[in-house]
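First comes the structure, then the notes that go with it.
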Amino acid sequence: MTDFANEAIEITVATVEKIVTNLRGAKVEYAWFVSSIMRQLNAMMYKSKVESGAMKPMELFTPSDEAFGLLALENGMRRWAKEYELKTTGKWEVDKDTLPYTMYTRSGVKNGGWSAEGLRRFNKLYDKVVKDRASNRGKTFEKDFQESHKRAMSGSSRK
């Protein structure tokens with residue numbers, strides 16, 4: 001078993017699609033999602049409980065938390081990718097008005113909330129998360145993720 005929960009990966013639109021499609025089946029990518037996106041929902045508890053290996057992620061985060069994290073990531077990824085491209089190619093000042101809208105928020109309205117499509121998407125993701133957590137694959141991911149963090153903690157305490 002590798003320490004997949006600590007692997008660095010490149011985050012692209014395709015990576016996000018893989019995460020949202022496969023959930024815990026995309027083991028390394030989903031570990032990134034948990035440790036980079038989900039941790040932001042409760043950073044203090046994540047650090048003390050999940051990073052230490054004392055808790056599995058699904059013991060800290062509800063299915064609703066997880067579905068929201070997936071929705072937020074999917075919602076903004078294309079916009080963030082385009083913004084990154086414009087900034088790294090020096091075209092930000094010229095083309096920043098060409099950024100795509102987010103997928104599931106009301107366009108043209110700042111802080112306008114989720115669209116009806118966004119709410120439907122959240123409900124689908126919620127159902128998918130509940131099924132994935134209950135599956136053997138989901139349970140194995142959670143156990144392996146926790147063990148990976150325990151090994152990392154025991155290795156760092158020996159230094």
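The values are calculated or read from the model by the stated rules, or taken from the named source; none is laboratory data. In this text the structure is predicted, and so the values were computed from the model without any measurement. As a convention, Cβ positions derive from the backbone with ideal geometry for all residues, glycine included, and neighbour counts pool all protein chains shown.
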How many residues are in a loop (DSSP other than H, G, I, E, B), crowded, with 16+ Cβ neighbours inside 10 Å and not small (Gly, Ala, Ser) when one looks only at the stretch 52-74? 3
Close pairs from the stretch 144-159: first among the hydroxyl-bearing types (Ser, Thr, Tyr), partner part of a helix (DSSP H, G or I) and modelled with pLDDT under 75, Cβ under 9 Å, at least 6 apart: SER148/PHE4; SER148/ALA5; SER148/ASN6
Would you check which residues across the stretch 12-33 are among the basic types (Lys, Arg) and surrounded by 21 or more Cβ atoms within 10 Å (Cβ to Cβ) and list them? ARG24
Residues (more than 19 Å from LYS143 (Cβ to Cβ), small (Gly, Ala, Ser) and either in contact with a His (Cβ under 6 Å, 6 or more places away or on another chain) or free of Cβ contacts under 8 Å to residues at least 40 places away in the same chain (or both)) located in the stretch 44-74: SER48, GLY69, ALA72
Checked pairs for the stretch 7-33, first closer than 15 Å to GLY138 by Cα and in contact (Cβ under 8 Å) with a residue 40 or more places away in the chain, second surrounded by fewer than 21 Cβ atoms within 10 Å (Cβ to Cβ) and basic (Lys, Arg), C-beta under 6 Å and 6 or more apart or across chains, list as ARG24/ARG137; GLY25/ARG137
Taking the stretch 111-153, which residues are outside any helix (DSSP H, G or I) and among the basic types (Lys, Arg)? none
Taking MET77 as the residue in question, decide whether it is in a helix (DSSP H, G or I), touching a residue at least 12 places away in the same chain (Cβ under 8 Å) and either crowded, with 18+ Cβ neighbours inside 10 Å or on the phi > 0 side of the Ramachandran plot (or both). yes
Failed criterion for GLU85 (all others in (1) surrounded by fewer than 19 Cβ atoms within 10 Å (Cβ to Cβ); (2) acidic (Asp, Glu); (3) at pLDDT 85 or above hold): (3)
What's the number of the condition LEU71 fails, among (1) touching a Gly at 6+ places or on another chain (Cβ under 9 Å); (2) modelled with pLDDT under 85? (2)
